[in-house]
Structures are given as C-alpha cells and as structure tokens.
1. Compute the distance in nm between two label points, each set 7 Å from the Cα along the Cα-to-Cβ direction, one at D25 and one at L154.
2. Just grab the label-to-label distance for Q13 and L63, each label 7 Å out from Cα along the Cβ direction, in nm (one decimal).
3. What number, in percent, do you get for the relative contact order of segment 55-127 if the mean sequence gap of Cα pairs under 8 Å and at least 6 apart is divided by its residue count?
4. Greater than 23 Å separation of Cα atoms is the criterion. Which listed pairs, K104/K181; K19/K181; K6/K146; K4/K77; K4/K181; K4/K104, meet it?
5. Once amide H atoms are placed 1.01 Å from N in the peptide plane, what residues at a sequence separation of 5 or more from L61, or on another chain, have their amide H within under 5 Å of its amide H?
6. Specify the angular offset, from 0 to 90 degrees and rounded to the nearest 10, of the alpha carbon long axis of helix 4-14 from the longest principal axis of the alpha carbons in the chain.
7. Order the peptides 163-173, 17-27, 113-123 from the highest to the lowest mean number of other Cβ atoms within 10 Å of their residues.
8. By average Cβ neighbour count within 10 Å, what is the ranking of 67-77, 49-59, 5-15 from highest down?
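Each value in this text was obtained by applying a stated rule to the coordinates, not by laboratory testing. Worth saying up front: this structure is predicted, and the values here are computed from it rather than measured. FYI the Cβ positions are ideal-geometry reconstructions off the backbone, even for glycines, and counts take in every protein chain you see.
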Amino acid sequence: MYNKTKIFNLALQALYLQKKIADADTDTSRETITLETNWESAFFIGLQEMDLDSTSTTKALELISEKPNTFWDYCYKYPTDCAFMRRIVSELVTDDTETVIDRKVQILDGEKVILTNQPQAYIEYIPNTITAENLTPEAAVFISLKLARMSIPLIVGKNSREIVQLIEQRYEQALVTAQEKDRLETSIYQPEWTRSEFAKERLS
C-alpha cells in the first residue's frame, strides 16, 4: 500500500536524488518542505488528469431550486467533497455524445451550484476524501512524477532541464499505465459501434 511518504520518496528518485524520507509529516528538510508545499495541488490535479473509475463515487445531488433561470430546469448544490465532477449520471453506465447530460457549474448567490435539466440528478465525481492509500501502485507512480515535476525548480535548481525532459517522458507513459490498469479492473463491455459515431450513422 502506498502512502504520502512513499510517494515523496518516489518523487525524489525521479529527481535522481539519493535522499530518503522516513516520514513526510515530520521531516523538515528543504526537499520535504518543497514536496509538502506542492503535495495537495499535485495530488488532486493528478487525480483529475487520470480520471479513474476506481477513484470515483456516485451520489444524489441536493436540490436547491427549480427553474433557477430561463435556460435550466434545476439548480443543485455542488457537493462540498467534490474534487472533480465527471458527469451527471444518465441511464447508461457510460455515455456517448447522445446521452451526455448537459450541466453548468457556476456561483449563484455566493454558493457553487450545478445547473442541469435532469430531475433527481445523481453526480459521478472524484471526492476530495481520496488518500494516497486508495491509489493503485500505477496511480501512485503517476502522482509522484506530477509532484516531482512541480517541485523540481526549488529542489534541483538551474541544472534541471535534462531531468525535466526525462520526467515528462515517464509522465506520459505513467498516465497511460494507470488508466490501463483502471480499465482492466472495470468490466464494462461496450460494442465498438456504440463508441463510433460513423458506425452509428450507418446503422441508423
């Protein structure tokens, strides 16, 4: 199981540093302070970029009002634990261009809300309660590279261009690997024609 300390050490390895952190929450070295400064941003931006089924959850949205304006039928409260909204759930497990439910996020009377025409709406989202322990090894590696990339100017300094290039090469592959692991753990079969607009047009 991965935790913040292990991910910090993976980030340091990606920066070609021999330093090893015993506890990310108590270590006071310059490297650890820099990683800690970037940790939350790297973690949640990384979760959003990976957009994994395994880090998502679904729940009913709390209705605020009906007919909030002339464009939308329903106004729902934006979940306080939402780090990234994936979609408003439709009748299908996965959506295509015809089944995606339109929505808009905005601030209304000082409150973040979701506007949609879907009654009794459910949201599929990545919550901000996800921790490092919830990640697969592949996802943890991706987060560590994200953290290393964000922290490199203050840890490595001016001679970091070559390391940046190496990290970015690994970064793209790590993203693919994490998403492929997530795909393999989710058993939802979609016929090719349901994903191809060209095929659907021919069959219609």
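1. 2.1 nm
2. My value for the distance between the label points is 5.2 nm.
3. Over segment 55-127, the number comes to 45 percent.
4. K104/K181; K19/K181; K4/K77; K4/K104
5. Long-range HN contacts for L61: A121, Y122, I123.
6. Long axis of 4-14 versus the principal axis of the chain: about 70 degrees.
7. In decreasing order of mean packing, 163-173, 17-27, 113-123 become 113-123, 163-173, 17-27.
8. 5-15, 49-59, 67-77
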